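Everything on this sheet refers to the single structure shown next.
The numbers here are math on the coordinates, done by the rules we state, and not lab data. Just so it is clear, the structure is predicted and the values come from calculations on it, not from any experiment. We place every Cβ from the backbone using ideal geometry, glycine too, and count neighbours over all the protein chains shown.
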Amino acid sequence: MFKKYLPFAVILLAAVPALAAPEQETASPRPARSATSGLMRYDANKDGFVDRTEWTEGQEARFKQLDTDKDGKLSKDEMFARTPSAAGNVLPSDRQLERQDAFFRRVDRDRDGFVSKAEFMAQADRNFARCDADKDGRINTAECRQALRRQPVDRARQER
């Protein structure tokens, strides 16, 4: 079910890997993730929710982590880099590569071939807003899972 939302969710899922897909039995079981490996790792005050400030600080740290050449912008390779030695990492399928390309183009609003910190943070803001279904200014894993099940807003409106 989540696969059709992958283009929207790639950045969100980069920040929230625990929400990437529902748990499924596979031929090669994935290592169990702790609660701090996904969205809740941004819960600095450990109250069970990630508020907008925690989210923003976490996303700024994520941008800094992804910007491996420290030039203040993300190439497509930096944005979707995977550590080959990490357990469970496999090369993306052709379909995943297509989705990554489409998502990168959508986030790269000025079409310069890079995602600036401003573009990255604007996408992070849209992701937070989408997850914050009850508009209380804080999110948790359950609320984000529910948001990913909802139909995304019209893409033409979303890309303005």
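By how many nm would the segment from Ala81 to Ala129 lengthen if fully extended, with 0.36 nm per residue of separation less the alpha-carbon distance? Let's see the in-between values first.
Numbers: separation 48, 0.36 × 48 = 17.28 nm, distance 2.55 nm.
Additional length available on full extension: 14.7 nm.
Potential lengthening of the chain between Arg105 and Gln65 amounts to 12.3 nm, from the contour at 0.36 nm per residue minus the alpha-carbon distance. Put a dot 7 Å past the Cα of Thr56, heading toward its Cβ, do the same for Asp112, and the two dots end up 2.3 nm apart.
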